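Asker: Sending over a structure as structure tokens; questions will come in a sec.
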Amino acid sequence: MNHYTRLFSLVLMSISSAWAQDTLRISKNELQQKVIEQNWQLKITNQAVASARADYRQTNAVFLPSVSASYTGISTTNPLMAFGSKLNQEILTAADFNPALLNDPKKTKNFATKFEVLQPLINADGWIARGAAKTKMQAYQLQSERTAEYLKLEVNKAYMQLQLAYKALAVIKKAQATAQANLKLIENYFKQGMVQKTDVLLVQVRVGEIQNQAQYALSNVQNASDYLHFLLGETQDKKVYQPTENLVYEPQMNTVSGTISEQRKDIQAMMKTSEAYQKMSVSDQMGYLPRLNAFGSYELYDTAFLGTAAKGYTVGAQLSWNVFDGYKTIGKAQKSKAEYQKANTELEQYKAQSQLELNKTLRQLTDAQNKVNLSRLALEQSQEAYRIRQNRFAQGLEKTTDLLASETQQLQKELELDQAVFEYQLTQTYLQFLTN
């Protein structure tokens, strides 16, 4: 068993040595900066913002002109087209009014260059729709900012998990040293005939258990590092992260009012979304109103390619009113109104859920603080109990099983205290996220 213990210790040392070569010390602030620059989810959210901004820019067509140019070449024997082409080319003569030529014209060529401008003047539903698109863009921007805040929360959580994993590893290594010292003591007692072989075996089993726990602790460090790599959008670099700060208990006075703030970016984003639906509902209702648009064109005609012998222009304005389109506009307005009411209801539901989450987290923070205090007291008591049993064991007044049980309890309570500190700090961070 001693050979097995030494072998396992050598393997553990080799793993730790390999990690030391691939370990990267990093602070929480560095991680937060990297996640804003590299995270995949945030990049996706930023593209959604860019898409909404592009939708808003499309609504510039509500007040900006539309300009187009075209060039057309035809060859025709169609009576109407032939006569019209000559008329546009300004080459019509009295002979062209001969009924025989009018009914059966010769092949006529026509090349036309046309510049056309359309200028919206009054488009009430388009103006309101433009406002809706702008509000939607603002909602996406707020969602992106809230996503960045959430990712900072995830980084804090992952960083604390990494801190906890390293702290557990340190505790287990300290327990391993204690177990090795106990094993050496028991083996000396066995050589002196003071204990039975079963006592030695029990301590050896305990040493093996602690070594197994150490391997699990190393795996937890790697798992926490892998998750940080994922948050940072890193696929190639698989170094093991090591925190530059330790996980410490930092109690703070609770100054939270207990009421969810409507200034939170996710709630503001939902309010903007509801507002956008409201504007779209108003826009669809204004679809009943007439529209006024101006138009103009400048045209060049010739019988030759790229010729400009004849010129002409057209300007005007059009007032159009879609009186009835088979219930299409009415149905569209009803749908947008229902979508607005749905968005408004979802907003109220989300605010209520957020308030429930805040109330729950406030209670969890109190529970976590009590757990830290009780865990610290339990650790102090278990350490004192182990010290007493160790002294009594050295005097032959305690059984090996009692010593091992006390040593196991001490390790368990130390790990429980670290877990309690982790839960308190995580709850405190989450509370800040909920009230930010």
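The values are calculated or read from the model by the stated rules, or taken from the named source; none is laboratory data. Because the structure is predicted, anything quoted here is derived from the model rather than measured. Note that each Cβ is placed from the backbone with ideal geometry, even for glycine, and that neighbours are counted across all protein chains shown. Accessible surface areas use protein heavy atoms only, side chains included; no ligands, DNA or RNA. Shrake-Rupley method; radii C 1.70, N 1.55, O 1.52, S 1.80 Å.
Asker: Take the residues of region 378-401 that are part of a helix (DSSP H, G or I) and among the polar types (S, T, N, Q): which is nearest to Tyr189 (Cα to Cα)?
Answerer: Among those residues, the one meeting the criterion is Thr400.
Asker: Of all residues in region 414-436, which are open to solvent by 50 Å² or more (accessible area, probe 1.4 Å) and either of a type in the set (Gly, Ala, Ser) or within 16 Å of Asn373 (Cα to Cα) (or both)?
Answerer: If the condition is that a residue be open to solvent by 50 Å² or more (accessible area, probe 1.4 Å) and either of a type in the set (Gly, Ala, Ser) or within 16 Å of Asn373 (Cα to Cα) (or both), then Glu416, Gln419, Glu423 are the ones that fit.
Asker: Now for a different question. Is there a residue in region 372-384 that is closer than 22 Å to Ala170 by Cβ, open to solvent by less than 50 Å² (accessible area, probe 1.4 Å), at pLDDT 95 or above and out of contact with any Lys or Arg (no Cβ under 9 Å at 6 or more places or on another chain)?
Answerer: Yes.
Asker: Which condition number in (1) surrounded by fewer than 14 Cβ atoms within 10 Å (Cβ to Cβ); (2) over 30 Å from Leu426 (Cβ atoms); (3) free of Cβ contacts under 8 Å to residues at least 12 places away in the same chain is the one that Phe393 fails?
Answerer: Against the list (1) surrounded by fewer than 14 Cβ atoms within 10 Å (Cβ to Cβ); (2) over 30 Å from Leu426 (Cβ atoms); (3) free of Cβ contacts under 8 Å to residues at least 12 places away in the same chain, Phe393 comes up short only on (1).
Asker: Is region 123-144 home to any residue that is closer than 30 Å to Thr273 by Cβ and not in a helix (DSSP H, G or I)?
Answerer: The answer is yes, given that some residue of region 123-144 is closer than 30 Å to Thr273 by Cβ and not in a helix (DSSP H, G or I).
Asker: Okay, moving on. Given the options Tyr313, Tyr301, name the one that is modelled with pLDDT of 90 or more, among the aromatic types (Phe, Trp, Tyr), open to solvent by 60 Å² or more (accessible area, probe 1.4 Å) and farther than 16 Å from Ala139 by Cβ.
Answerer: The unique qualifying residue is Tyr313.
Asker: Among (1) of a type outside the set (S, T, N, Q); (2) over 30 Å from Tyr159 (Cβ atoms); (3) not in a strand (DSSP E or B), which single condition is Gly316 missing?
Answerer: Condition (3) is where Gly316 drops out.
Asker: Then there is this: Taking region 158-189, which residues are closer than 15 Å to Leu201 by Cβ and hydroxyl-bearing (Ser, Thr, Tyr)?
Answerer: The answer is Tyr189, and nothing else.
Asker: Are any residues in region 79-94 open to solvent by less than 60 Å² (accessible area, probe 1.4 Å) and touching a residue at least 60 places away in the same chain (Cβ under 8 Å), and if so, which ones?
Answerer: Correct list: Ser85, Gln89.
Asker: Scan region 95-111 and tell me whether some residue there is farther than 24 Å from Ser283 by Cα, touching a Gly at 6+ places or on another chain (Cβ under 8 Å), open to solvent by less than 30 Å² (accessible area, probe 1.4 Å) and not in a helix (DSSP H, G or I).
Answerer: Among the residues of region 95-111, at least one is farther than 24 Å from Ser283 by Cα, touching a Gly at 6+ places or on another chain (Cβ under 8 Å), open to solvent by less than 30 Å² (accessible area, probe 1.4 Å) and not in a helix (DSSP H, G or I), which makes the answer yes.
Asker: What's the total number of residues in region 336-363 that are over 24 Å from the mean Cα position of the chain (by Cα), farther than 19 Å from Ile128 by Cβ and open to solvent by less than 70 Å² (accessible area, probe 1.4 Å)?
Answerer: 2
Asker: On to the next question. Could we say that Met270 is among the aliphatic types (A, V, I, L, M) and open to solvent by 60 Å² or more (accessible area, probe 1.4 Å) here?
Answerer: No; evaluated as a whole, the condition is false for this residue.
Asker: Could you grab me the full set of residues in region 112-130 that are over 14 Å from Asn60 (Cα atoms) and either polar (S, T, N, Q) or open to solvent by less than 80 Å² (accessible area, probe 1.4 Å) (or both)?
Answerer: Within region 112-130, Ala112, Thr113, Lys114, Glu116, Val117 qualify.
Asker: Shifting gears a bit: For Leu185, state whether it is under 30 Å from Phe393 (Cα atoms) and in contact (Cβ under 8 Å) with a residue 24 or more places away in the chain.
Answerer: Considered against the rule, which asks whether it is under 30 Å from Phe393 (Cα atoms) and in contact (Cβ under 8 Å) with a residue 24 or more places away in the chain, Leu185 comes out as yes.
Asker: Among Leu411, Leu404, which is crowded, with 18+ Cβ neighbours inside 10 Å, part of a helix (DSSP H, G or I) and either among the hydroxyl-bearing types (Ser, Thr, Tyr) or in contact with a Leu (Cβ under 8 Å, 6 or more places away or on another chain) (or both)?
Answerer: Leu404
Asker: Report, by residue number, each residue of region 219-266 that is open to solvent by 90 Å² or more (accessible area, probe 1.4 Å), within 28 Å of Lys43 (Cα to Cα) and either without any contact (Cβ under 8 Å) to a residue 40 or more places away in the chain or part of a loop (DSSP other than H, G, I, E, B) (or both).
Answerer: Matches in region 219-266: Phe230, Gln236, Lys238, Gln263.
Asker: Kindly list, by first and then second residue, each pair from a residue in region 131-150 that is open to solvent by 60 Å² or more (accessible area, probe 1.4 Å) to a residue that is assigned to a helix (DSSP H, G or I) and of a type in the set (Val, Ile, Thr), limited to pairs with Cβ atoms under 6 Å and residues at least 6 apart or on different chains.
Answerer: Tyr140/Val49; Gln141/Val49
Asker: Restricting to region 160-215, name every residue that is under 30 Å from Gln428 (Cβ atoms) and either modelled with pLDDT under 85 or open to solvent by less than 20 Å² (accessible area, probe 1.4 Å) (or both).
Answerer: Met160, Leu162, Gln163, Ala165, Leu169, Val171, Ile172, Ala175, Ala214
Asker: Also, I was wondering about something else. Report yes if Thr76 is touching a helix residue (DSSP H, G or I) at 6+ places or on another chain (Cβ under 8 Å), surrounded by 10 or more Cβ atoms within 10 Å (Cβ to Cβ), over 18 Å from Ala309 (Cα atoms) and of a type in the set (Ser, Thr, Tyr), otherwise no.
Answerer: Criteria met by Thr76.
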